[in-house]
1. Name the single residue that is farthest from the chain's Cα centre (by Cα) among those in segment 246-280 being among the aliphatic types (A, V, I, L, M) and surrounded by fewer than 17 Cβ atoms within 10 Å (Cβ to Cβ).
2. Quick one: in segment 147-171, which of the residues that are more than 20 Å from residue 19 (Cβ to Cβ) and either under 8 Å from the mean Cα position of the chain (by Cα) or among the charged types (D, E, K, R) (or both) is modelled with the lowest pLDDT?
3. Are there any pairs with C-beta distances below 8 angstrom linking a residue in segment 27-52 that is more than 17 Å from residue 165 (Cα to Cα) and assigned to a loop (DSSP other than H, G, I, E, B) to a residue that is of a type in the set (Gly, Ala, Ser) and modelled with pLDDT of 90 or more, with the two at least 6 apart or on different chains, and if so which?
4. Have a look at 147, 176 and point out the one that is under 30 Å from residue 295 (Cβ atoms), aliphatic (A, V, I, L, M) and free of Cβ contacts under 8 Å to residues at least 60 places away in the same chain.
5. Within segment 79-90, take every residue that is closer than 14 Å to residue 123 by Cα and not in a loop (DSSP other than H, G, I, E, B) and give me the one that is modelled with the highest pLDDT.
6. Going by what's in this entry, would residue 85 be described as acidic (Asp, Glu) and touching a helix residue (DSSP H, G or I) at 6+ places or on another chain (Cβ under 9 Å)?
7. Check segment 328-338 and report whether any residue there is buried (at least 19 other Cβ atoms within 10 Å of the Cβ), of a type in the set (Gly, Ala, Ser) and touching a residue at least 12 places away in the same chain (Cβ under 8 Å).
Amino acid sequence: MSAINHFQTYSQRENHVTNNTMLMLKHVYRISPRLVEDVLQSLLDEDEVEIGPRFEQQVGEAYSIPDAVLSQKPLHIYVEAKRGDGLYDDQLGRHMRSISERGHPESSAFLIGITNNSTNVDDDERWKQRALEHGITFAATTYRELLEALDTACSDNPDLREILDDYQAFIGGENLLPDQHRKMVAMLCGQSWRENIEHGVYFEPAHRNPKWTRAHFLGVYRQKKISHVGRVVAAAICRKEDDNLIVEVEEFGALSTEHTSRIQNIIRTAETYFKGFAADAHRYYLVDRFEETDVRKASPGGMMGHRYFDIAELAGLEDVEQNASSADVASKLAGTKYE
């Protein structure tokens, strides 16, 4: 993740979620129109979308065969991005009437609604039918599905990956991923395990993808089990310079004096294990406190890297309370197993 974020992370400006989403798509388009085409194709399911010019040779026309044709289909994509679950009949209806009155060519107008959670199937079908009556293709999607489509499109481009990491951090920070409250990321822990638990801090190299964007809870994995779990309350990229703590980015939450003290304590400890650790930028996850639990890996071999878990599924629950405490989650997970 870059020190200078590609997206505004403050919330004073209206529609900043929409603005940042369009900016993300613009970055992808700058690299390749076909990648944006792939993203939109994924969101629109089977509906065909063509973006950018098409180059053809020897195309037979009514009275001749030109040597080459450079063409581009008309395309008009309208987006309604919501911060919750509300796509409303009245608003969508007004959008559809406005789009219809523009007189776009057939099959060139699309309306995409983005929400936190999936829309009701009956509502979705009703909106699709209503849109078709106006000559529009409608699709409802979620921020999670948009991120998954972008992840596939950006996978082979390091520059886009960096920008997508920032966008994902922004979306996570805005609480637009509805299942974050029931997700735990389990992180590998070795030499500094005891100190991580004591100070309530976990660290990783700054260039790695931030985990707090997908999970509200962080579990510490050691010797084939998740031994402790805590709710992430803050995350920041920091380093030491001339014995001063340099906070490069406050990614999530607000760092208090107590938080920075905990970070400095863990840096001091890590320096005894990893020479030169303090000068390198790391991401520090601060939890309310690490509560003891016992989640065993039943299959042979250790866990090879970080892993995300659905707490409700792991504990056999219907759901997890939005503001569940670390102690409550630790208690519910104790004695569970995973493959």
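The values are calculated or read from the model by the stated rules, or taken from the named source; none is laboratory data. Given the structure is predicted, the values throughout are model-derived calculations rather than measurements. Cβ: placed from backbone, ideal geometry, glycine included. Neighbour counts: every protein chain shown.
1. Of all residues in segment 246-280, those among the aliphatic types (A, V, I, L, M) come to 246-247, 249, 254-255, 263, 266-267, 270, 278-279.
Now drop any that are not surrounded by fewer than 17 Cβ atoms within 10 Å (Cβ to Cβ), which leaves 246-247, 254, 279.
On the way: 246: 26, 247: 23, 254: 20, 279: 29 Å.
So the residue we want is 279.
2. The qualifying residue modelled with the lowest pLDDT is 161.
3. The qualifying pairs are 44/139; 45/139; 47/139.
4. Numbers: 176 fails: free of Cβ contacts under 8 Å to residues at least 60 places away in the same chain.
Just one listed residue meets the conditions, 147.
5. Initial filter on segment 79-90 (closer than 14 Å to residue 123 by Cα): 85-90.
Then keep just the ones that are not in a loop (DSSP other than H, G, I, E, B); that gives 89-90.
Values: 89: 88, 90: 91.
Taking the candidates together, the pick is 90.
6. Working: acidic (Asp, Glu): yes; touching a helix residue (DSSP H, G or I) at 6+ places or on another chain (Cβ under 9 Å): no.
Criteria not met by residue 85.
7. Taking segment 328-338 as the starting set, the residues that turn out to be buried (at least 19 other Cβ atoms within 10 Å of the Cβ) are 329-330, 332-333.
Retained after the next criterion (residues that are of a type in the set (Gly, Ala, Ser)): 330.
Those still in the list that are touching a residue at least 12 places away in the same chain (Cβ under 8 Å) too: 330.
Yes, that holds for at least one residue.
Rundown of residues vs (1) surrounded by 14 or more Cβ atoms within 10 Å (Cβ to Cβ); (2) in contact with a strand residue (DSSP E or B) (Cβ under 9 Å, 6 or more places away or on another chain), yes/no style:
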| position | (1), (2) |
| --- | --- |
| 45 | no, yes |
| 62 | no, no |
| 72 | no, yes |
| 77 | yes, yes |
| 80 | yes, yes |
| 96 | yes, yes |
| 99 | yes, yes |
